[in-house]
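What follows is a short report on a single structure.
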Amino acid sequence: MSGQHTICGIDLGSRSVKIALMAYKPEEEGLEILRLESLDTIRFYREYGRKQGDKLSVNFEALGLPAVDHLVSTGYGRNTLELAGGEAIPELKAHVLGAIYQTGLKDFTLVDLGGQDSKIIQVQKGKMVDFLTNDKCAASSGRYLENMATILDLTLEELGEYTDAPVELNSTCAVFGESELIGKIVEGFPLTELAAGVNTTIVKRILPLLRSFRGEIIVFTGGVAHNLAVGKLLEGGAGRKIVIPQEPQYNGAMGCCVYANQP
């Protein structure tokens, strides 16, 4: 391969579409991030996507993206429409490759909490050996945090500041959880304890799923990884070291680029 090789990885998520534009430079023998961008999923399809036959054609020019040498997609939308001019890879493969690229680790448990689903993947010697996914309920996802933050009139960043004295929230459903939280507000619990309760609830739902996954290190990715409180509570509850990559939300899109660059 001679000259710069440009790759576009697209993670078609349920809540947002993540785009990673990366380049392989032979002289440096590695991938360089050129651009990362996230768009609301509905906006992405409405403004930049058109169905052509049984595939999705994306207007990359309108997105301000240059012509690329390789296009790879993955994610929630991967099973709906395949991108024209590219190839699709399984979501789990993309996330494993992204996590290895971002952390340099080969042995870890990957916990990915996205907008509407969650994934736990056991990685040994750089290979996936076990996994568990949940896309049936949004209770341990970014959507749950968004809804709860709205009720508390907090930004997601502000919500991520609280871990102490959490109010106990027991509902296992995102919808019923909102009603339960409103009930606690009416009871007069302070905002700090309510926010801590929301963060703790996310972790309480993940910890039982982690029991069958071994390893000393958890790599935490997905949009929820931006919530510092959830990361701190997960580390304490699991008793394992938590590693959060620099770009947790773009992990799947970056993994698509890594896949395209493999021999």
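Kindly indicate the residue of segment 67-96 that is part of a helix (DSSP H, G or I), modelled with pLDDT of 85 or more and in contact with a Ser or Thr (Cβ under 9 Å, 6 or more places away or on another chain) and also most open to solvent (accessible area, probe 1.4 Å) among those meeting that condition.
Across segment 67-96, the extreme among qualifying residues is K93.
Applying the condition of being outside any strand (DSSP E or B) and touching a residue at least 40 places away in the same chain (Cβ under 8 Å) to segment 12-34 and asking which residue is least open to solvent (accessible area, probe 1.4 Å) yields G13.
No other residue among G64, G9 is closer than 19 Å to Y250 by Cα and surrounded by 21 or more Cβ atoms within 10 Å (Cβ to Cβ) apart from G9. Scanning segment 249-263 for residues that are touching a His at 6+ places or on another chain (Cβ under 6 Å) and of a type in the set (A, V, I, L, M) yields one hit, A260. Scanning segment 18-45 for residues that are modelled with pLDDT under 95 and either under 16 Å from L56 (Cα atoms) or among the aromatic types (F, W, Y) (or both) yields Y24, T41, I42, R43, F44, Y45. Looking across segment 138-168 at every residue that is at pLDDT below 90 and not in a helix (DSSP H, G or I), the one that is surrounded by the most Cβ atoms within 10 Å (Cβ to Cβ) is identified as S141.
Please verify whether segment 245-257 includes one or more residues that are part of a helix (DSSP H, G or I) and either acidic (D, E) or without any contact (Cβ under 8 Å) to a residue 12 or more places away in the chain (or both).
For segment 245-257, residues part of a helix (DSSP H, G or I) and either acidic (D, E) or without any contact (Cβ under 8 Å) to a residue 12 or more places away in the chain (or both): absent.
Among the residues of segment 233-242, is there at least one that is in a helix (DSSP H, G or I) and in contact with a His (Cβ under 9 Å, 6 or more places away or on another chain)? No, because not a single residue in segment 233-242 is in a helix (DSSP H, G or I) and in contact with a His (Cβ under 9 Å, 6 or more places away or on another chain).
The rows are residues; the columns are (1) at pLDDT 95 or above; (2) closer than 22 Å to T133 by Cβ.
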residue: E193; (1), (2): yes, no
residue: I206; (1), (2): no, yes
residue: I218; (1), (2): yes, yes
residue: A229; (1), (2): yes, no
residue: G236; (1), (2): yes, no
residue: R240; (1), (2): yes, yes
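Tell me whether segment 113-130 contains one or more residues that are of a type in the set (K, R), loosely packed, with under 14 Cβ neighbours inside 10 Å and part of a strand (DSSP E or B). Looking for residues that are of a type in the set (K, R), loosely packed, with under 14 Cβ neighbours inside 10 Å and part of a strand (DSSP E or B), one finds at least one in segment 113-130, hence yes. Scanning segment 173-225 for residues that are open to solvent by 50 Å² or more (accessible area, probe 1.4 Å) and either within 16 Å of G239 (Cβ to Cβ) or of a type in the set (G, A, S) (or both) gives S179, G188, K204, P208, L209, R211, S212, R214, E216.
The values are calculated or read from the model by the stated rules, or taken from the named source; none is laboratory data. Just so you know, these numbers come straight off a predicted model, no measurement behind them. Note that we place each Cβ from the backbone using ideal geometry, even for glycine, and neighbour counts take in every protein chain shown. Surface accessibility is based on the protein's heavy atoms, side chains included, excluding ligands, DNA and RNA. Shrake-Rupley method; radii C 1.70, N 1.55, O 1.52, S 1.80 Å.
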